[in-house]
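Engineer: First the structure, then my questions, so here it is.
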2 protein chains.
Amino acid sequence: MSQLSVSEAVAETGLSAHTLRYYEKEMLLFEVPRDSGGRRFYTRELLAAIKFISALRATGMSIQGIKDYIDLYRRGEHTAQQRMGLLQSHEELVQNQLKKTRASLEMIRRKIALYQTQLDAAASATQQGH
Amino acid sequence: MSQLSVSEAVAETGLSAHTLRYYEKEMLLFEVPRDSGGRRFYTRELLAAIKFISALRATGMSIQGIKDYIDLYRRGEHTAQQRMGLLQSHEELVQNQLKKTRASLEMIRRKIALYQTQLDAAASATQQGH
DNA sequence: ATGCATGCTAGAGTGCGCTCTAAGTCAAGC
DNA sequence: GCTTGACTTAGAGCGCACTCTAGCATGCAT
């Protein structure tokens, strides 16, 4: 029950089986345990790690960036400071990206508002027979 | 002065000349005027359109999506409703994406905080000779 | 008039992150 | 014992958004 099959991991993470294998291979990192038949199973710890990786991806960190982070992880406890540094600079990056997205969104909203007044004006003109 | 050269448009938009030409070709839309020598120049209106397109791109709309929007634009005034609909559903999409990004960012921050307490504990242990 | 920056074209190339293919293995249920 | 279905592998393929190349044209500045 604390060991999930591939299909269960797919359901939990929202990633495809292909993508799970791709991450495993590209990041060369979490050694996914296998059953007697050579099939993968995912422990709770592994699942948590994958979810964290998903969060990094969802915020735009590249596969290479994540790989670098995990490589540090595997080098041991003394890399904690560096790992934190990596996360901190990524956080900053994401904040800036959010700021930019919000500004762009604001621009889009202004355009929508413009359409709205324009369409309202057209509608009331029609109603009044203009 | 209200007609910008390529290099000025590059400076204003933050896009490369390559990208400007690429957008022009892919979106098949804004007919960029040319000088006697066949070189492009950008009017203020065009610049504004390009900046709006940049906002759509910055919020993740695909080239194809933008093309669809502009195609509507060129079909005339009666497509205003549809264009607004397009923008509205894009807005919704961006909102959801923002929500997801913020959740992921929160996860990353918790991890950073974890590192911080961990490193603080290690530091004070060292200081006290443990 | 000469040199150099800027711009032009068509089309090829790149990097990223998946995503799929093909052929095979294994375990459980009928 | 046979089928079914979830899984395995190595490697090819794809879609997107640029990004660059090569070779040529134009036009301002010395």
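Engineer: Filter segment A:25-58 for residues that are touching a strand residue (DSSP E or B) at 6+ places or on another chain (Cβ under 8 Å) and within 14 Å of DNA strand C (Cβ to nearest atom); which is nearest to A:His90 (Cα to Cα)?
Structural biologist: A:Ile50
Engineer: For A:Thr13, only one of the following conditions fails: (1) closer than 18 Å to B:Leu105 by Cα; (2) within 11 Å of DNA strand D (Cβ to nearest atom). What is its number?
Structural biologist: (2)
Engineer: Please determine whether any residue of segment B:62-80 is closer than 22 Å to A:Gln97 by Cα, out of contact with any strand residue (DSSP E or B) (no Cβ under 8 Å at 6 or more places or on another chain), of a type outside the set (D, E, K, R) and within 16 Å of DNA strand C (Cβ to nearest atom).
Structural biologist: The answer is yes; a qualifying residue exists.
Engineer: Regarding B:Tyr22, is this residue in the same structural domain as B:Lys67 (by TED's automatic domain parsing), at pLDDT 90 or above and open to solvent by less than 70 Å² (accessible area, probe 1.4 Å)?
Structural biologist: For B:Tyr22, the condition - in the same structural domain as B:Lys67 (by TED's automatic domain parsing), at pLDDT 90 or above and open to solvent by less than 70 Å² (accessible area, probe 1.4 Å) - is not met.
Engineer: I'd like to check something: does segment B:9-19 contain any residue that is in a helix (DSSP H, G or I), within 12 Å of DNA strand C (Cβ to nearest atom), in contact with a strand residue (DSSP E or B) (Cβ under 8 Å, 6 or more places away or on another chain) and open to solvent by less than 50 Å² (accessible area, probe 1.4 Å)?
Structural biologist: Yes, because at least one residue in segment B:9-19 is in a helix (DSSP H, G or I), within 12 Å of DNA strand C (Cβ to nearest atom), in contact with a strand residue (DSSP E or B) (Cβ under 8 Å, 6 or more places away or on another chain) and open to solvent by less than 50 Å² (accessible area, probe 1.4 Å).
Engineer: In segment A:57-77, how many are at pLDDT 95 or above and closer than 17 Å to B:Ala113 by Cα?
Structural biologist: 1
Engineer: I'd like to know if segment B:95-115 contains one or more residues that are open to solvent by less than 60 Å² (accessible area, probe 1.4 Å), under 15 Å from A:Leu86 (Cα atoms) and of a type in the set (Ser, Thr, Tyr).
Structural biologist: Yes: one or more hits.
Engineer: When only residues in segment A:26-78 that are open to solvent by 20 Å² or more (accessible area, probe 1.4 Å), within 14 Å of chain B (Cβ to nearest Cβ) and within 16 Å of DNA strand D (Cβ to nearest atom) count, which is farthest from the chain's Cα centre (by Cα)?
Structural biologist: For segment A:26-78, the residue satisfying everything is A:Gly60.
The values are calculated or read from the model by the stated rules, or taken from the named source; none is laboratory data. Because the structure is a prediction, the values reported are computed rather than measured. Because the Cβ atoms are built from the backbone with ideal geometry, glycine has one as well, and the counts that use them run over all protein chains shown. Please note that ligands, DNA and RNA were not included when accessible areas were found on the heavy atoms of the full protein model with its side chains. Shrake-Rupley method; radii C 1.70, N 1.55, O 1.52, S 1.80 Å.
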